[in-house]
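Visitor: If you scroll down you'll find the structure; I have some questions about it.
Read-outs throughout are calculated quantities, based only on the coordinates presented, and are distinct from any laboratory measurement. Quick caveat, the model's predicted, so the values are computed rather than measured. FYI the Cβ positions are ideal-geometry reconstructions off the backbone, even for glycines, and counts take in every protein chain you see.
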Amino acid sequence: MSSPSTIPSIESQYCELEQHLLNYIERAGDSVEDQRFNQLALEVFHFQYQHNQPYQQWCQHLGIKDPNSISAWQDIPAVPTSAFKDSGLKLNCFPPNSLNTVFKTSGTTSDLQRRGEHGFYSVELYQQSILTAWKQLELPGKLPCLFLTQTAQDSPESSLSHMMGIISSAYPTASAEPFFISADRHLDSLRFIQTCQALDQSVLILGTALTFLNLIENNKANSPSLHLPSGSHLFETGGYKGSGRSLEKSTFYEDLSRNFAVSEDSIINEYSMTELSSQFYTFGLDRPHIGPHWTRVQIIDPLTRKLVLPGQTGHLQILDLANLGSVACIRTEDLAVATESPTSFHLVGRDPSALPRGCSRSADEMLNS
């Protein structure tokens, strides 16, 4: 039996497993390897079962008294996203004073629940996940970028702003000042329009769906001024449901295409959330969201809690190995249709019974304040 002095510390366990995961993530050219993924998923589960007390209690509540009883990634227990909003829970493997970064969901004072929190002992996996997925899923990162968001410095609790900061550091920008929402949350639409008018090359513009929608609505009289050079792309995220608006995605994309002079297939939608470290992407309409090889997707029947068959609808559940320091398996409040692929899904939308939240709703409220 090992003496206490020979038992690896939580920090050393984390760092060793983090390195294994970084090596796996960086192998972006490899095909999906079920055996290696399963091995890493179980290692992550054991680490979280051991060090994340609320998660261990949740597993035990589900009847999992021994983590060794789980032998497949498909059986790793998921935590609902609502648990991240419980003030009595700290869904992290490290104590709060050890966390390097804490992201918060974009709740507002009108929400009935508090803002969810996702703490990180280290953001290295998070950052590598963003950059590697960007390359693996062939997103147009070589285009100069403009950001309809705040900077990470102006919004340190926003995972979206942090992500945009990572992208702006890794890829070229189309302006010396590429961010167009200020520290006081004001969208500088005039400077944005002037920047677009001065463009002489293709560009990638990234922002929330509701920021794009507000920009279009406030610029109806001068819509040609938003026209972008040929080959440009738009990147939208966050959705617009729960904001009091009703707009079909096809109508929204038609508006984006007309106002920015880009094809609908040049519009990228990102599916992500504060509670995860990895993202899923799709181009245009009626195509599945695809995630990187260190994620897995399951679509769960909300009544039976069993997997649905491809083509059927259920709650979206995601296993994200980059979520090492918190909980890897998350049950979302979104509905999706299952596909044949373990890393993709057709997004239906938010479960109507769920409370509205998200970075796009926050953007809508701030831009209309």
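Visitor: What's the local net charge at GLN153, with K and R +1, D and E -1, over the other residues with C-beta under 15 Å away?
Guide: -3
Visitor: Another question about this same structure. From the C-alpha coordinates alone, can you work out the Kirkwood hydrodynamic radius of segment 290-350, in Å?
Guide: Roughly 11.5 Å, rounded to one decimal.
Visitor: Using a basic spin-label model with each label point 7 Å from the Cα along Cα→Cβ, how many nm lie between HIS51 and LEU247?
Guide: 4.3
Visitor: Per 20 Å bin, what percent of the C-alpha pairs of the chain does each bin hold, from zero upward?
Guide: Pairs per bin, as whole percents: 29, 58, 13, 1.
Visitor: How charged is the neighbourhood of LEU99? Take every other residue with its Cβ under 11 Å from the Cβ of LEU99, and add Lys/Arg as +1 and Asp/Glu as -1.
Guide: Residues near LEU99 contribute 0 overall.
Visitor: Starting from the Cα of LYS90, draw a straight line to each of the lysines and keep only those under 22 Å, dropping any in the same chain fewer than 8 residues away.
Guide: Counting by Cα, and skipping residues close in sequence, LYS90 has these lysines nearby: LYS65, LYS104.
Visitor: Another question, then. If the chain between THR313 and GLU11 were fully stretched, how many nm would it gain, using 0.36 nm times the residue separation less the Cα-Cα distance?
Guide: 104.7 nm
Visitor: Take every DSSP beta bridge whose two residues both sit in the chain, then give the antiparallel share in percent to the nearest 5.
Guide: Around 65 percent antiparallel, to the nearest 5.
Visitor: Taking R0 as 51 Å, what's the FRET efficiency between ARG185 and ASN68 from their Cβ-Cβ distance, rounded to 0.05?
Guide: 0.55
Visitor: Give the range of the longest stretch in the chain that excludes all trypsin sites (Lys or Arg not before Pro) found in loop regions by DSSP and having at most 13 other beta-carbon atoms within 10 Å.
Guide: 143-244
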